[in-house]
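*Asks:* Please read through the structure below; I'll follow up with questions.
The values are calculated or read from the model by the stated rules, or taken from the named source; none is laboratory data. Treat the numbers as computed from the prediction; the structure is a model and nothing was measured. Glycine gets a Cβ as well: all are built from the backbone with ideal geometry, and neighbour counts include every protein chain shown. The protein model used for the area step is the full one, side chains on, heavy atoms only, and it has no ligands, DNA or RNA in it. Shrake-Rupley method; radii C 1.70, N 1.55, O 1.52, S 1.80 Å.
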Amino acid sequence: MATYYRLLFPSIFPKSVSKILYLDIDILCLGSLSTFYEQNLTNWIVTLNENFALKYHDSVKLTKDAILDEILEILEGQDKVIDLNGYKLTVQNTNEESKYEKQPLQNNGKLTIKNGTIVNDSSNANGLIENHKTGNVILNNVKVEDNGTNNLITNNGGKVTVANNTEITLKNPQSAIVNNGGEVSVKDTKINGD
């Protein structure tokens, strides 16, 4: 049980704590950690659980390919940035109860995804992103591979911006963006369909 306490550090410590250096008991330090500790780690999250990092941190910068296998909900007033950093984020909706009801990315705040590849492998979900009335979705310099069976992005009254060399590839017959009211802007974007 004690092993998992470190996963709760972001919720235990106040926001005024800008950095935590946690070392397991089996780590032997032969020199000063000050150089490592003083590195600018802003927007860098290193964790074994991508779901935890994406869910509980406003800004995430991938350091390797990652998998999101549960619904990620961005709340109203929340500003979440996912910097793919040249890596691939694969979204797999494996939650049996919700796989037919919700898109894996539920946005009521501001969601920015940039600089890499996002793959929608949630073939039983209703697309990838559902943007609600208070939501603002920005895809910036992203390759999107959609293996889903429904619309990639459903905009329900919010704002969607797709720009800056974004490329969307749809593997099944569907729409890239369905706009049910709201604002959609597509610039410098290529959309491919099979």
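*Asks:* Name every residue in the stretch 56-68 that is closer than 20 Å to G135 by Cα and assigned to a strand (DSSP E or B), in order of residue number.
*Replies:* Going residue by residue through the stretch 56-68, those that are closer than 20 Å to G135 by Cα are 56-60.
Hits for the stretch 56-68 are S59, V60.
*Asks:* Also: Of the residues that make up the stretch 38-50, is at least one more than 18 Å from I168 (Cβ to Cβ), acidic (D, E) and either modelled with pLDDT of 90 or more or open to solvent by less than 70 Å² (accessible area, probe 1.4 Å) (or both)?
*Replies:* Pass one, the stretch 38-50, residues more than 18 Å from I168 (Cβ to Cβ): 38-50.
Next, only the ones that are acidic (D, E) stay: 38, 50.
Adding the requirement that they be either modelled with pLDDT of 90 or more or open to solvent by less than 70 Å² (accessible area, probe 1.4 Å) (or both) leaves 50.
Yes, because at least one residue in the stretch 38-50 is more than 18 Å from I168 (Cβ to Cβ), acidic (D, E) and either modelled with pLDDT of 90 or more or open to solvent by less than 70 Å² (accessible area, probe 1.4 Å) (or both).
Residues checked against (1) in a helix (DSSP H, G or I); (2) open to solvent by 40 Å² or more (accessible area, probe 1.4 Å); (3) modelled with pLDDT under 65:
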residue: R6; (1), (2), (3): yes, yes, no
residue: L54; (1), (2), (3): yes, no, no
residue: E70; (1), (2), (3): no, yes, no
residue: E73; (1), (2), (3): no, yes, no
residue: K80; (1), (2), (3): no, no, no
residue: N95; (1), (2), (3): no, yes, yes
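*Asks:* Taking the stretch 133-159 only, how many residues are under 21 Å from S122 (Cα atoms) and not acidic (D, E)? Before the answer, list the steps.
*Replies:* Pass one, the stretch 133-159, residues under 21 Å from S122 (Cα atoms): 137-139, 142-156.
Cutting the leftovers down to not acidic (D, E) gives us 137-139, 142-144, 147-156.
Residues meeting the conditions: 16.
*Asks:* Yes or no: V162 open to solvent by 40 Å² or more (accessible area, probe 1.4 Å), farther than 20 Å from I67 by Cα and of a type in the set (V, I, T)?
*Replies:* Working: open to solvent by 40 Å² or more (accessible area, probe 1.4 Å): no; farther than 20 Å from I67 by Cα: yes; of a type in the set (V, I, T): yes.
When the stated conditions are applied, V162 does not pass them.
*Asks:* Also: Name the residue, out of N131, N155, that is open to solvent by less than 10 Å² (accessible area, probe 1.4 Å) and in contact (Cβ under 8 Å) with a residue 40 or more places away in the chain.
*Replies:* Numbers: N155 fails: in contact (Cβ under 8 Å) with a residue 40 or more places away in the chain.
Checking each option against the conditions leaves just N131.
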